[in-house]
Amino acid sequence: MVEQDWGSVQFVAEQFRRYYALNVSSVEAPSEIRQREFGFLSFEDRGMFRHKGFDDAQHLRHYLVDYAPSHTYYSSAYYEAPEAAMEFKGWQGADLVFDIDADHFSIPCQEDHDRWRCRTCGEEGTGHPPESCPGCGKAAFIEENWLCPQCLEAAKYEAQKLLDILIQDFGFTPSRELTVNFSGNRGYHVHVRSASVKKLNQLARREIVDYIMGTGINAEFQGFNQGLRGGRYISLQEGWRGRSVRALYDFIADASPEVVEDLGLGKAAARKLLKNRETILGLLMERRPRNVVKYVDLKSIGMLMEVAVQEQAAAIDTVVTTDIHRLIRLPNTLHGKSGWLTQEVPIDDLADYDPLSSAVAFTGGTLNIHIKRAPEIFIAGETYGPFEDERTELPMAHAMFLLCRKAAKVAS
Amino acid sequence: MISEREAAKYPFLSEAARLVDMLDLTLDDLAEPVHAKVLDRAEGRVSEAILKGKASANLGDSLTELLSFPVANMFITALGERFLDRRYALSEAVRAYELLNDESEARVAKMARTEFQWDLRLVRELLDGRLYRFELHFNDFLGNAAAFREPKWKLVNRLMRDGYVLLTNPETTRLLQEEIRRRIGGLISKHRGLRLPEPLQARVDRLGRTFEENRSSITGGDLPTDVLVEGFPPCMRYAFEGLMAGRRAGHMERFALTSFLINAGMDIDEIVKLFVSVTDFDEQFTRYQIEHIAGLRGGRTRYTPPSCSTLRTHGVCHNPDSLCKRVKHPLSYYRIKIQDIRGKQEDKPAE
């Protein structure tokens, strides 16, 4: 079989069909399935088929076997009539969902495996595309994003920080109210299912996003205020009060004079900070943030804090969490851009979880493919590549991944 | 059952409403001269809302104070001015807030729990020189504080553990004020276009005139039809100049800028031209999206730009200046700035 198209869509679609025929029983109905909207992307055409509803897991599974979609989503929202048009659905509430995607943060490995090309002048580069093309000044790029164990570790680290905040600060109970899914590609989804969050409006969800990301944190309200004396000490485990002290400690302990100058602090403030570094660190360690103001003015502390909290905050996609009609991937279904599974990970197992072995759906056998271009691919303990316009025989997992990425086609 | 005095203080409580129901008064009864005091006080409440934005508490005559509340609600409903609905609800809520500040913690907690189903616990913790007396579940906290814009109300600036937010006594009553404001808003929006018996209608008409006389000073003016870039808030200027320079912008920034330009009165064709000329977006597709935001397609909703806090969340807020501190919305910034610019132009001596 020779196909001309990169990605060999027909071949991949057939593999998906076989996968669902054999494994569909692992797909479970989300809670309150009758109130959920479903959406699908198919291999045939580019639009999303949505506003679909199912009575139970059985119907959903039949659908997956019959259509073997390339991507499968369900709504975080609950509706009276999930199949109705948007304005008639009757929104009843929504789970609180968080999306962590390695594509949203900058990590060194992206320079190795990601590339961009300007649509206008053809200028090329590695890593994230620039704000505008250095060649022609336009801002439309073709992006080629890959992933590697480092990206996935970075995403997992953010997911763990997020979980810590959700459990310690928000008081959600792991497993019962909180679940974590590997997204099937570059990240993790965290779902909160609880009566207390279901009715939260967009405004409230936005405040939660700001909390998770440390947006709008104000030093004065984190204890850096000399005017307010009296009372007990804060524990370092106590929400942002503790986290901000830790963040500032870590930042100030490591900061070089150049880093401090780059923050835009006044010259005098920067000098004072560096001169009194040990004293300030001591005050932070003793949890007396109030007295730090004696050495660095409140405004400068605010600037330091804004940067410092980034390390403690979790990098979530702000749009996903604030969207109360969001469609999100259904666990145990296939991701059309990787050939991997979206997969629930028990929270206790997250630290040891390795998606590159656990979530790989297509294993067994090998496949001859023609690869356009790809960086090194590491799946299930085996590394192949990099590739540049070549034909080779690869294990099924690697071959399917490259096909799903449209970086290869099946060779005859 | 609640006492008449308690009901007079907090007439929006469900028990207070039951007390009023038990009196079984009809509209015609109210039109009788014996009830003139009630009508006077109701009219007073509404005009206080219009003129001062805050109702007083006249607890000397509890029954009049209590009965005047549903009557004032009826006046507001009959007036049918949405802006006034909001102003009145706030005015009554501020009245309740001031009364609540003199109550014991136990009384405040009781109202919050039984009337508004708050998950609220009494505590006693001294921190940073502040005495925290309550712990409120974040869900109830956000339901009321999420719209506030002072930094101290941001969840990230609160002490929260295990899902509960520490609050001082005045903070708790401030949040209750918000809850009460919504409750009262709900009480008045139900039946529109009410026509009242004559003696009552005369009062409504009088209140209508008071509102008209003060409308412009309490509602603010309209936007100009030509777009003045000098009046743009820093975030929109950043987005606009970025677009001109061909900088890559995220979805939220493009949406914010487009809806801002539409609401600032820029012509759709001009916006399309702008986007197409500086990016290589497909013209038809760009037009479709812009018309969608303008409410000419799809759900027919004309979108307004997101508020300042939303823009901050999504990283679209850049270089805020001193005027930014005073506004919550990029369009309010624009409105104020435009008036400033025009004021200066008018001040210039004629040539």
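The values are calculated or read from the model by the stated rules, or taken from the named source; none is laboratory data. Quick caveat: nothing in here was measured; it's all calculated off a predicted structure. For neighbour counting, all protein chains shown are included, and Cβ atoms are generated from backbone atoms with ideal geometry for every residue, glycine included. Heavy atoms of the whole protein, side chains included, go into the accessibility calculation; ligands, DNA and RNA do not. Shrake-Rupley method; radii C 1.70, N 1.55, O 1.52, S 1.80 Å.
What relative contact order, as a whole-number percentage, does chain B give when Cα pairs under 8 Å and 6 or more residues apart are counted?
Here the relative contact order equals 14 percent.
Using the basic label-point model (7 angstrom from Cα toward the beta carbon), what is the residue B:342 to residue A:201 distance in nanometres?
Reported label-point gap for residue B:342 and residue A:201 is 3.1 nm.
Give the A-B buried accessible area in Å², both sides summed, 1.4 Å probe, nearest 100.
Details: alone 19910 and 18820 Å², together 35070 Å².
Buried surface at the A/B interface: approximately 3700 Å².
Evaluate E = 1/(1 + (r/R0)^6) for residue A:143 and residue A:310, where r is the Cβ-Cβ distance and R0 equals 30 Å; express this FRET efficiency to the nearest 0.05. Kindly include the intermediate steps, with their values, before the conclusion.
On the way: r = 24 Å, r/R0 = 0.80.
For R0 = 30 Å, the calculated efficiency reads 0.80.
Please give me the summed charge of the neighbours of residue A:24: other residues whose Cβ is under 14 Å from its Cβ, Lys and Arg +1, Asp and Glu -1.
Neighbourhood net charge equals 0.
In peptide B:113-122, how many Cβ atoms from other protein chains are near each Cβ within 10 Å, on average?
Across B:113-122, the average partner-chain Cβ count within 10 Å equals 0.
Send over the semi-axes of chain A's equivalent ellipsoid, whole angstrom and largest first, taken as the square roots of 5 times the C-alpha gyration tensor eigenvalues.
Value: 43, 28, 18 Å, ordered largest first.
Just to confirm a number: summing +1 for Lys and Arg and -1 for Asp and Glu over residues other than residue A:272 whose beta-carbon lies under 15 angstrom from that of residue A:272, what do you get? Please list the in-between numbers first.
Working: positive: A:267, A:271, A:275, A:277, A:294, A:299; negative: A:261, A:278, A:297.
Summing Lys/Arg as +1 and Asp/Glu as -1 gives +3.
Check each of the trypsin sites (Lys or Arg not before Pro) in segment A:45-79 and keep only those in coil by DSSP with at most 14 other C-beta atoms within 10 angstrom; list them in order.
Those satisfying the criteria are A:46.
Put one equal scatterer on each alpha carbon of segment A:219-311, apply the Debye formula with no solvent term, and list log10 I(q)/I(0) at q = 0.13, 0.14, 0.15, 0.21 1/Å to two decimals.
Values, matching the q order: -0.37, -0.43, -0.50, -1.00.
Is there a quick way to get the dipole size of segment A:293-350? I mean about its Cα centre, with the Cβ of Lys and Arg at +1 and of Asp and Glu at -1; what is the value in debye to the nearest 20?
200 debye
Could you state how much accessible area residue A:297 has, in square angstrom rounded to the nearest 10, with a 1.4 Å probe and all protein chains kept in place?
70 Å²
Reachable lysines from residue A:275, Cα under 20 Å, same-chain residues fewer than 8 places away excluded?
A:267, A:294, A:299
For chain B, report the translational diffusion coefficient in µm²/s to the nearest whole number, using Stokes-Einstein at 10 °C, 1.306 mPa s, and a Kirkwood Rh over Cα pairs.
Translational diffusion coefficient: 67 µm²/s.
Under the Kirkwood approximation for Rh and a Cα-based Rg, what ratio Rg/Rh is obtained for the protein assembly as shown? Spell out each step's value before the answer.
Numbers: Rg = 30.0 Å, Rh = 29.9 Å.
My calculation puts Rg/Rh at 1.00.
In µm²/s, what is D for segment B:279-339 at 10 °C and 1.306 mPa s, where D = kT/(6 pi eta Rh) by Stokes-Einstein and Rh is the Kirkwood radius from Cα pairs?
117 µm²/s
If ligands, DNA and RNA are left out, what is the accessible area of residue A:65 with a 1.4 Å probe, given in Å² to the nearest 10?
Accessible area, nearest 10 Å²: 50 Å².
First select every other residue whose beta carbon is under 13 angstrom from the beta carbon of residue A:167; then total the charges, Lys and Arg +1, Asp and Glu -1.
Cβ neighbours under 13 Å give a net charge of -2.
Let me check against my output: what whole-number percent is the relative contact order of segment A:365-412, with C-alpha pairs under 8 Å and at least 6 apart?
49 percent
Give or take rounding to whole Å, what are the principal axis extents of the alpha carbon atoms in segment B:229-347, in descending order?
Projected onto its principal axes, the Cα set of segment B:229-347 covers 43, 31, 30 Å.
With no other cysteine's Cβ closer than 4.7 Å, which Cys residues of the protein assembly as shown count as lacking a disulfide-compatible partner?
A:109, A:148, A:151, A:404, B:235, B:308, B:317, B:324, each lacking another Cys Cβ under 4.7 Å.
Once the piece of chain linking residue B:119 and residue B:302 is laid out straight, how much longer is it, given 0.36 nm per residue of separation minus the C-alpha distance between them?
62.1 nm
Normalised by the residues of chain A, what does the relative contact order come to in percent, with Cα pairs under 8 Å and at least six apart?
Relative contact order here is 20 percent.
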